[in-house]
């Protein structure tokens with residue numbers, strides 16, 4: 001089984017998490033920005049690069065690793081089948097750059113044409129917050145750890 005090293009960014013602003021959908025892809029599940037490490041790249045370097053490629057935004061904030069995950073991806077269109085060894089990073093911003101926007105990733109790791117992303121924010125603490133199963137390929141598995149982390153950080157500010 002092929003192993004892919006991946007890095008993802010869970011960017012929050014207050015209670016909100018930045019997520020995206022791929023409007024031109026039939027799978028409606030939510031995702032967070034990130035992807036495959038390039039040769040010689042650290043997880044943190046890849047997280048920053050992939051975040052920029054998928055959102056168009058540069059991050060000049062601290063990113064902290066908060067979870068690791070091994071996830072097996074089966075053969076599906078547009079995916080890389082194999083073991084995805086993931087490192088998840090959390091970053092916080094004080095002000096949203098926009099409520100929503102679209103951006104194209106021009107060099108997808110699985111190859112093919114540019115991918116259109118529709119980026120927007122979801123409130124992780126609202127009564128209609130998306131559940132873990134609304135997220136693509138196991139990205140929602142980190143939601144409880146992220147919520148706990150956000151609550152600890154907010155409680156430490158008082």
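The numbers here are math on the coordinates, done by the rules we state, and not lab data. Note that the structure is a prediction, hence the values are computed from the model and not measured. Glycine also receives a Cβ, built like all others from the backbone with ideal geometry; neighbour counts cover every protein chain displayed.
For region 3-150, what does the relative contact order come out to in percent, with C-alpha contacts under 8 Å and a separation of six or more? Spell out each step's value before the answer.
Details: 302 pairs, mean separation 44.0, N = 148.
Once normalised by length, the contact order is 30 percent.
If I build a Gaussian network model for the chain, linking alpha-carbon pairs within less than 10 angstrom, which residue out of 57, 30, 44 has the largest mean-square fluctuation?
Greatest mean-square fluctuation among the candidates belongs to 57.
So how tilted is helix 143-155 from the main axis of the chain? Cα-based, degrees 0 to 90, rounded to 10.
On a 0 to 90 degree scale, this one is about 30.
Sorted by mean Cβ packing within 10 Å, highest first, what order do the peptides 104-110, 5-11, 135-141 take?
For the peptides 104-110, 5-11, 135-141, the packing ranking is 5-11, 135-141, 104-110.
For the residues 150, 1, what sequence is obtained by ranking on other C-beta atoms within 10 Å, fewest first?
Going from sparsest to densest Cβ surroundings: 1, 150.
For region 1-63, report the % of Cα-Cα distances exceeding 18 Å. Mind showing how you got there, number by number?
Numbers: 805 of 1953 pairs.
Summing the P(r) of region 1-63 above 18 Å gives 41 percent of all pairs.
I'd like the FRET efficiency for residue 99 and residue 5, computed as 1/(1 + (r/R0)^6) with the beta carbon distance as r and R0 of 30 Å, rounded to 0.05.
That pair, residue 99 with residue 5, gives E of 0.35.
Taking Rh as the Kirkwood radius, which is the inverse of the mean 1/r over Cα pairs, what is the Rg/Rh value for the chain?
Here Rg/Rh amounts to 0.94.
Under a 10 Å cutoff between Cα atoms, tell me which one of 28, 97, 130 has the largest fluctuation in the Gaussian network model of the chain.
97
If you line up the long axis of helix 43-55 against the longest principal axis of the chain, both from Cα atoms, how many degrees apart are they, to the nearest 10?
Once rounded, one gets 90 degrees.
Rounded to the nearest 500, what is the 222 nm mean residue ellipticity of the chain from helices alone, with -39500 (n - 2.57) per DSSP H run of 4+ residues and division by all residues? Write down the numbers at each step before the final one.
Numbers: 2 runs with 26 residues, N = 158.
The helix-only estimate for the chain comes to -5000 deg cm²/dmol at 222 nm.
Using Cβ contacts closer than 10 Å as the measure, can you line up 125, 120, 51 from fewest to most?
With the fewest neighbours first, 125, 120, 51 line up as 125, 120, 51.
Which of 103, 88, 25 ends up with the largest GNM mean-square fluctuation for the chain, with Cα atoms connected below 10 Å?
Comparing 103, 88, 25 in the GNM, the peak value goes to 25.
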